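Below is one structure, written out as structure tokens; the observations come after it.
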Amino acid sequence: MRQTENIYIGFKEKTLFCLGAWLTPNLGLVEKEFAKLVLPSYEDLAMDLSALDACDVNGAILLHALIERLRKKKITVILYNLPSEAEHLLNITRLSEEASLSAIRAKESLFATIGAGAYRVYLGLTEYLSFSGQLAFSLFYALRYPSSFRIKEMLRSIQEHSIKALPIVLLTSMLIGLVIAYQSALQIQKYGADIFVVDMLVISVTRELAPLIAAIVIAGRSGSAYTAQLGVMKITEEIDAMRTMGFDPFRFIVLPNVLALMIGLPMIIFLADIMGIAGGMLAARVELGITVLEFVGRMEEIFNINHLFVGLIKGPFFALIIASIGSMRGMAVENSTDSIGINTKASVVSAIFMVIICDAIFSIIFLELGI
Amino acid sequence: MKAPVVRVRNVSTRFGEYLVHDDISFDIYEGEIFGLLGPSGYGKSTMMREMILLQEPDSGSIEVLGKEVWKLGEKEAVELRKQWGVVFQESALFSSLSVEENIALLLREYTNMSPSLIRRVVATKLEMVGLSQSDGRKYPSELSGGMKKKAALARALAMDPKLLFLDEPTSSLDPVSAAEFDSLILSLRELLGLTIVIVTHDLASIRKTLDTMVLFADKKVIARGTLQDVLKTRHPIIESFFLQ
Ligand SMILES: Nc1ncnc2c1ncn2[C@@H]1O[C@H](COP(=O)(O)OP(=O)(O)OP(=O)(O)O)[C@@H](O)[C@H]1O
Ligand SMILES: [Mg+2]
């Protein structure tokens, strides 16, 4: 026996000595020492446990595993000097010998991982379809029985998710207008085409920037709020409680939220248009010396009301995307706290992504229509 | 007599103005199943939280496994915490982990056992508390109340503690499951020689499992000892408590 390194297990003359304290904190070391042993393939091997000072349940489990490993190599193990404590524990652990083997799980292959991923995407799509169906149903129900519609919920949702979001959306929009005007002023100045900064600013803000900024900020702020609210209600079984009382959560929570945002977002976009242009006006004044009067005069000349409508019409569509994905993700929360985090993240990311795709589709449509 | 595993000496606790414990002392000996009893709101859970380093008493001392718990440094406290297992009233399983992962968590964190040994240990603990291997793969939200209690017990047993704290393990269980749980606790003590501290209201499990107990009322311990000793004590609360 080597004394210094090997404190738990040693090998000498066909005998395996177990010694020291086989207690939970030490078991990792015992395993390492066992792995280092060079065991000759004797037909039989004695295992001397007389020097085993202490052994707990986990220690007995390890002892059991080691014996089993030796037996698999066709080595017969004979136990000597088993302390009564250890014998008792070995009896407990023997029970679960079989069970533990079946618990070993196979590692997934690459194909299985890809397949599982694809299947999840497919499930996500069907989930969204079924959600849209329920949403449409509750909308028709509300149209058929208008008195069942929760107008108060909707107004509160407008207050909470549209009006309270105004400061941050408007501030962002103004800063973007300012930055765009400032950056393009630097370029345009070189050609002496100063006044065209107005064209470029007004058209880009109203058609694209204001709707996108509003939608992205709202997706981050309100989309996540829808998911978290519904998710917590699901975990605390409030949704189930509502159902048993005959309150359909779609009618009471989801539909009011969706309609509220569809009304609120175009209004937000309109105000964001104004603030974006105001920001640009400021940059034009400072950087190019274009007065407010000149700016407005130029705007009057070039501005087509269509530009405004193109931006505003996107509002309800973006709102539908944000509110329905947020609500769907909330309803998808399962009974664990983790699930809220995962779904909230997924709700914001996929809402922003879908908004941008939708925006691209609009661009193509408007291009074809020549608006 | 064996050495006490837990020594509570002159402990007083107050929440703001409200005094919960007034100069309480008692001992818990090795191998005992010890009960903290008393009507609701009389400070049983608080006493247990003080023993397991979750809440500091205002005065007095508490020794667990020979260490004065509220005088320990951070490192010693971590060492001590590994030597006991706790089952909370609401089981407090981590909802994002499966039962197996809940049990394996401490082993992964605090030992360097190989994954295959950890799997064996988890399987054995599941078996010991009477859960099947397929229950182990479930998440806490997929378990019944009784199964959650068993899973929490398996998690508390993961590191082979010498000392187990259970806060109302059988409340919210039906009488049959509660009786099953009581037998489980008795057999664990039998097999592993654990010392078990239980907070409970349940008369059936008081009769069946407890060796000794203390009964809290009016900020004091009003009775202590075996069930016979406690029943012999004359006090209005004892009569109402055991006649529920
Ligand atoms: N964090 C706290 N802040 C203020 N008061 C508290 C706090 N925790 C407990 N208390 C009070 O201390 C008293 C004892 O509480 P404790 O939870 O220990 O009761 P208990 O005996 O376990 O009751 P139960 O059987 O209902 O669980 C109660 O009156 C409670 O209001
Ligand atoms: Mg309590």
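Yes or no: the stretch B:70-79 includes at least one residue that is modelled with pLDDT under 90 and closer than 30 Å to B:L143 by Cβ. It would help to see each step written out before you state the result.
Start the filter on the stretch B:70-79 by keeping residues that are modelled with pLDDT under 90, which leaves B:70-79.
Right, trim to closer than 30 Å to B:L143 by Cβ and you get B:78.
Scanning the stretch B:70-79, I find at least one residue that is modelled with pLDDT under 90 and closer than 30 Å to B:L143 by Cβ, so the answer is yes.
Would the stretch A:336-349 turn up any residue that is among the polar types (S, T, N, Q), modelled with pLDDT of 90 or more and under 25 Å from A:I203 (Cβ atoms)?
Within the stretch A:336-349, the subset among the polar types (S, T, N, Q) is A:336-337, A:339, A:343-344, A:347.
Cutting the leftovers down to modelled with pLDDT of 90 or more gives us A:343-344, A:347.
Within this subset, residues satisfying the condition of being under 25 Å from A:I203 (Cβ atoms) are none.
Scanning the stretch A:336-349, I find no residue that is among the polar types (S, T, N, Q), modelled with pLDDT of 90 or more and under 25 Å from A:I203 (Cβ atoms), so the answer is no.
Would a scan of the stretch B:54-61 turn up a residue that is aliphatic (A, V, I, L, M) and surrounded by 15 or more Cβ atoms within 10 Å (Cβ to Cβ)?
Here is the first cut: in the stretch B:54-61, the ones aliphatic (A, V, I, L, M) are B:54.
Filter again for surrounded by 15 or more Cβ atoms within 10 Å (Cβ to Cβ), leaving none.
There is no residue in the stretch B:54-61 that is aliphatic (A, V, I, L, M) and surrounded by 15 or more Cβ atoms within 10 Å (Cβ to Cβ).
Which of the residues belonging to the stretch B:202-223 are more than 16 Å from ligand 1 (Cβ to nearest atom) and in a strand (DSSP E or B)?
Matches in the stretch B:202-223: B:T212 only.
Given the residues B:D202, B:D160, which is the only one that is closer than 30 Å to A:C55 by Cβ, modelled with pLDDT under 90 and within 16 Å of the chain's Cα centre (by Cα)? Steps first, answer last, please.
Working: B:D202 fails: closer than 30 Å to A:C55 by Cβ.
Of the residues listed, the single one that is closer than 30 Å to A:C55 by Cβ, modelled with pLDDT under 90 and within 16 Å of the chain's Cα centre (by Cα) is B:D160.
Starting from residues that are farther than 29 Å from B:V78 by Cβ and open to solvent by 30 Å² or more (accessible area, probe 1.4 Å), keep the ones in the stretch A:19-43 and report whichever is nearest to the other protein chains (Cβ to nearest Cβ). Write out each step before concluding.
Step one: of the stretch A:19-43, the residues farther than 29 Å from B:V78 by Cβ are A:36-43.
Checking which are open to solvent by 30 Å² or more (accessible area, probe 1.4 Å) leaves us with A:36, A:38-43.
Working: A:K36: 13, A:V38: 19, A:L39: 18, A:P40: 23, A:S41: 22, A:Y42: 24, A:E43: 26 Å.
This residue is A:K36.
Given B:E168, B:E142, which one is of a type outside the set (S, T, N, Q) and at the interface with chain A (Cβ under 10 Å from one of its Cβ atoms)?
Working: B:E168 fails: at the interface with chain A (Cβ under 10 Å from one of its Cβ atoms).
So the residue among B:E168, B:E142 that is of a type outside the set (S, T, N, Q) and at the interface with chain A (Cβ under 10 Å from one of its Cβ atoms) is B:E142.
Any idea which residue in the stretch B:109-127 is most open to solvent (accessible area, probe 1.4 Å), counting only those that are farther than 17 Å from B:K82 by Cβ and at the interface with chain A (Cβ under 7 Å from one of its Cβ atoms)?
Among residues in the stretch B:109-127 that are farther than 17 Å from B:K82 by Cβ and at the interface with chain A (Cβ under 7 Å from one of its Cβ atoms), the one most open to solvent (accessible area, probe 1.4 Å) is B:R119.
Among the residues of the stretch B:37-55, how many are touching a Lys or Arg at 6+ places or on another chain (Cβ under 7 Å) and within 8 Å of ligand 1 (Cβ to nearest atom)?
Within the stretch B:37-55, residues that are touching a Lys or Arg at 6+ places or on another chain (Cβ under 7 Å) and within 8 Å of ligand 1 (Cβ to nearest atom) number 2.
Out of A:L29, A:L89, report the one residue that is in a helix (DSSP H, G or I) and at pLDDT 85 or above. Steps first, please.
Details: A:L89 fails: at pLDDT 85 or above.
Residue meeting the stated conditions: A:L29.
For (1) within 14 Å of another protein chain (Cβ to nearest Cβ); (2) over 24 Å from B:L227 (Cα atoms); (3) without any contact (Cβ under 8 Å) to a residue 60 or more places away in the chain; (4) more than 16 Å from ligand 2 (Cβ to nearest atom), each residue gets a yes or a no:
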site	(1), (2), (3), (4)
B:P4	no, no, yes, yes
B:R9	no, no, yes, yes
B:L19	no, yes, no, yes
B:S40	no, no, no, no
B:M47	no, no, no, no
B:V69	no, yes, yes, yes
B:Q83	yes, yes, no, yes
B:V86	no, yes, no, no
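Residue-by-condition table, conditions (1) within 28 Å of A:F270 (Cα to Cα); (2) in a helix (DSSP H, G or I); (3) of a type in the set (S, T, Y):
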site: A:G177; (1), (2), (3): yes, yes, no
site: A:D194; (1), (2), (3): yes, no, no
site: A:S204; (1), (2), (3): yes, yes, yes
site: A:A214; (1), (2), (3): yes, yes, no
site: A:A225; (1), (2), (3): yes, yes, no
site: A:I253; (1), (2), (3): yes, yes, no
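Within the set of pairs 6+ apart or on separate chains, which have a first residue in the stretch A:321-334 that is more than 14 Å from chain B (Cβ to nearest Cβ), a second that is open to solvent by 20 Å² or more (accessible area, probe 1.4 Å) and β-branched (V, I, T), and C-beta atoms under 6 Å apart?
Here the result reads none, with nothing in the stretch A:321-334 linked to a residue that is open to solvent by 20 Å² or more (accessible area, probe 1.4 Å) and β-branched (V, I, T).
Just wondering, is there one or more residues in the stretch B:62-69 that are more than 16 Å from ligand 1 (Cβ to nearest atom), among the small types (G, A, S), exposed (fewer than 15 other Cβ atoms within 10 Å of the Cβ) and under 24 Å from B:M159 (Cβ atoms)?
If we filter the stretch B:62-69 for residues that are more than 16 Å from ligand 1 (Cβ to nearest atom), which is where we start, we get B:63-69.
Remaining after also requiring among the small types (G, A, S): B:66.
Pick out the ones that are also exposed (fewer than 15 other Cβ atoms within 10 Å of the Cβ) and you get B:66.
From what's left, under 24 Å from B:M159 (Cβ atoms): B:66.
Checking the stretch B:62-69: at least one residue is more than 16 Å from ligand 1 (Cβ to nearest atom), among the small types (G, A, S), exposed (fewer than 15 other Cβ atoms within 10 Å of the Cβ) and under 24 Å from B:M159 (Cβ atoms).
For residues in the stretch B:154-201 being of a type in the set (S, T, N, Q) and open to solvent by 10 Å² or more (accessible area, probe 1.4 Å), which is farthest from ligand 1 (Cβ to nearest atom)? Write out each step before concluding.
Going residue by residue through the stretch B:154-201, those that are of a type in the set (S, T, N, Q) are B:170-172, B:177, B:183, B:187, B:195, B:200.
Pick out the ones that are also open to solvent by 10 Å² or more (accessible area, probe 1.4 Å) and you get B:171-172, B:177, B:183, B:187.
Working: B:S171: 9, B:S172: 12, B:S177: 20, B:S183: 23, B:S187: 26 Å.
Among them, the one singled out is B:S187.
The values are calculated or read from the model by the stated rules, or taken from the named source; none is laboratory data. Because the structure is predicted, anything quoted here is derived from the model rather than measured. When we count neighbours, we look across all protein chains shown, and the Cβ atoms used for this are built from the backbone with ideal geometry, even at glycine. Please note that ligands, DNA and RNA were not included when accessible areas were found on the heavy atoms of the full protein model with its side chains. Shrake-Rupley method; radii C 1.70, N 1.55, O 1.52, S 1.80 Å.
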